[in-house]
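> What follows is a structure written as structure tokens; I'll ask about it next.
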Amino acid sequence: METAEIARRFLAFFEKNGHTVVPSASLVAEDPTLLLVPAGMVPFKPYFLGQRTPPHATATSVQKCIRTKDIEEVGKTSRHATFFQMLGNFSFGDYFKERAIPLAWELVTAPVEEGGFGIDPERLWVTVYLDDDEAAGIWRDVVGVRPERIQRMGMDENYWDMGVPGPCGPCSEIFYDRGPEYGADGGPAADEDRYIEIWNLVFMQYERGEGSGKDYPILGDLPKKNIDTGLGLERLAAVLQGVDNIYETDIIGRVLAKAAELTGTRYGDDAEQDVMLRVVADHVRSAVMLVGDGVRPGNEKAGYVLRRILRRSIRNLRLLSGADAFHMHELTAVSIDAMKDIYPDLLDKAQMVHSVIDAEEKNFADTLRSGTALFNRAAERTRAAGGATFSGADAFQLHDTYGFPLHL
Ligand code: SER
């Protein structure tokens, strides 16, 4: 099933079940505690906190998201991306666990001919928060999941918050078993690469205060009990398209194939090159979406996130092709073309997106040239002084002033 069709089905299912379809908000967060939107619930935060009255009691959306916390994992695992889309259904004090859980199960397992995703229930496992007997009971007694398929996990896995003060609550996740060839038996508690998380149902009912990691105080109950769910579109696409990872799905896969063609490499030939091709495919798409939403390369905040993503793509392309070639224009074009069915506005913005990305590629090429000259002088000095280790100060200057990625 194509990625665009998965998104369409998700929205249609929840619309049929009384939810208002809300378009994706911009990647640039309105929330002053965030730079970029990392989750589908962000535009709805004021409703959860009771700061604003929602225009509808329930909603559904496909939200554009950026997460760069795990940028180093991109391309190395089957599922890490800097840009992804989160399918979600939301209840603002309307229904709670008793409806959210059966709805999710119905959509995932309903036959494709009936508008569902047609996943075999025998492939599915679920997790709940340690003491959440209510959620476990619904999975077991209402949905009919076998008790040994319901695992209980702690704060790290089954408690969700935004990483900053705001709404939070215990969650319950649905996992898809990719099969014994991907890892050990034993459910998601044993192996999160074999059992891949596809959908997170958050029971938003508390407000968290200041603190780092999971070490924060619960300030109290939210005014109402809410639902916030997030299903990773790219992950579900990988499952439904029967490919090994999100980079090989219909949309990202097109950028990957073009990157291989342009750099004269073959995907699948060399593990290290494959990682670089996957990084390029992910990053080019993220850059296109960020520029489309008005972000410009810069040295701080969202601009820095974009610059870092762009420079990592350009650097990887040069390593792959072994030449100072300029490939971003063509990759940007493929990425826009692959995304235009879901985001038709990209077509109107194409020229602007190209000019920003082309300019940054040229700018980085100039920087690489002068940085390389600086590197060669510093290396020469080091050798002349009988040293074998490049100085930290020079390395820092190359990284900070010249924007050299660490591995370069
Ligand atoms: N907010 C939750 C998440 O991002 C569910 O949507 O995973």
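Please treat every number below as a calculation from the coordinates, not as lab data. These numbers come from a predicted model, not from an experiment. Cβ coordinates were reconstructed from backbone atoms using ideal geometry, including for glycine residues, and neighbour counts include every protein chain displayed.
> Can you list residues whose amide H is under 5 Å from residue 151's amide H, if they're 5+ apart or on another chain and H is modeled 1.01 Å from N?
When sequence neighbours closer than 5 places are left aside, the close amide H contacts are 126, 127, 128.
> Turning to a different aspect of this structure: Once you have a ≥ b ≥ c as the square roots of the Cα gyration tensor eigenvalues for the range 1-87, tell me rounded if a/c is under 1.5, and otherwise prolate or oblate according to whether a/b is larger than b/c.
Oblate, since a/c reaches 1.5 and b/c is not below a/b.
> Follow-up. Applying the Karplus parametrisation 6.51 cos²θ - 1.76 cosθ + 1.60 with θ = phi - 60° to the phi angles of the range 341-356, what ³J(HN,Hα) value in whole Hz is obtained for each residue in order, glycine and proline being reported as x?
5, 7, 10, x, 4, 4, 5, 5, 8, 3, 4, 5, 4, 4, 5, 5
> Which ³J(HN,Hα) values, rounded to whole Hz and listed in residue order, are derived for the range 295-304 from phi using the Karplus coefficients 6.51, -1.76 and 1.60 in 6.51 cos²θ - 1.76 cosθ + 1.60 with θ = phi - 60°, glycine and proline given as x?
Values per residue, Gly and Pro as x: 7, 10, x, x, 9, 8, 6, 4, x, 6 Hz.
> Can you tell which of 109, 121, 68 lies farthest toward the positive end of the dipole of the range 25-176, using +1 and -1 charges on the Cβ of basic and acidic side chains (Lys, Arg; Asp, Glu)?
The residue sitting farthest along the positive end of the dipole is 68.
> So, R0 is 22 Å and r is the distance between the beta-carbons of residue 377 and residue 300; what FRET efficiency does that work out to, to 0.05?
0.20
> Sort 361, 114, 134 by Cβ crowding within 10 Å, fewest neighbours at the top.
With the fewest neighbours first, 361, 114, 134 line up as 114, 134, 361.
> Right, next: Among residues other than residue 250 whose Cβ falls under 11 Å from its Cβ, what is the net charge (Lys/Arg +1, Asp/Glu -1)?
Charge balance near residue 250 sits at -4.
> Relative to the longest principal axis of the chain, what angle (0 to 90°, nearest 10) does the C-alpha long axis of helix 3-16 take?
That works out to roughly 30 degrees.
> Where Rh is the Kirkwood radius over the Cα pairs of the chain, the temperature 25 °C and the viscosity 0.890 mPa s, what D in µm²/s does Stokes-Einstein return?
Calculated translational D: 108 µm²/s.
> What are the ³J(HN,Hα) values, in whole Hz, obtained from phi via the Karplus relation 6.51 cos²θ - 1.76 cosθ + 1.60 with θ = phi - 60°, for each residue of the range 227-239 in sequence order, with x given for Gly and Pro?
10, 9, 10, x, 10, x, 4, 5, 5, 5, 4, 4, 5
> Under 10 Å, Cα contacts only: if you run a Gaussian network model on the chain, which one of 110, 373, 29 comes out with the highest mean-square fluctuation?
Maximum fluctuation in the GNM of the chain, among the listed residues, is at 373.
> Calculate the length of the line joining the C-alpha centroid of the range 1-30 to that of the range 189-218, in whole Å.
After rounding, the separation between the Cα centres reads 23 Å.
> Still on this structure, I have one more. Hand me the chymotrypsin sites (Phe, Trp or Tyr not before Pro) from the range 264-346 located in a DSSP loop with no more than 16 other Cβ atoms within 10 Å, in residue order please.
Of the chymotrypsin sites (Phe, Trp or Tyr not before Pro), the ones in loops of the range 264-346 whose Cβ has at most 16 other Cβ atoms within 10 Å are 326.
> I'd like the orientation of helix 250-263 relative to the chain: the angle between its Cα long axis and the longest Cα principal axis, in ° from 0 to 90, rounded to 10.
10 degrees
> What shape does the range 47-177 have by the C-alpha gyration tensor, where a ≥ b ≥ c are the square roots of the eigenvalues, rounded means a/c under 1.5, and otherwise prolate means a/b greater than b/c and oblate the rest?
rounded
> Where the only charges are on Cβ atoms (+1 Lys, Arg; -1 Asp, Glu), what is the dipole of the chain about its Cα centre, to the nearest 20 debye?
So the dipole magnitude of the chain works out to roughly 1220 debye.
> Further question: So who's got an amide H within less than 5 Å of the one on residue 21, skipping anything under 5 residues away but keeping other chains? H placed 1.01 Å off N, in plane.
Residues meeting the amide H criterion: 60.
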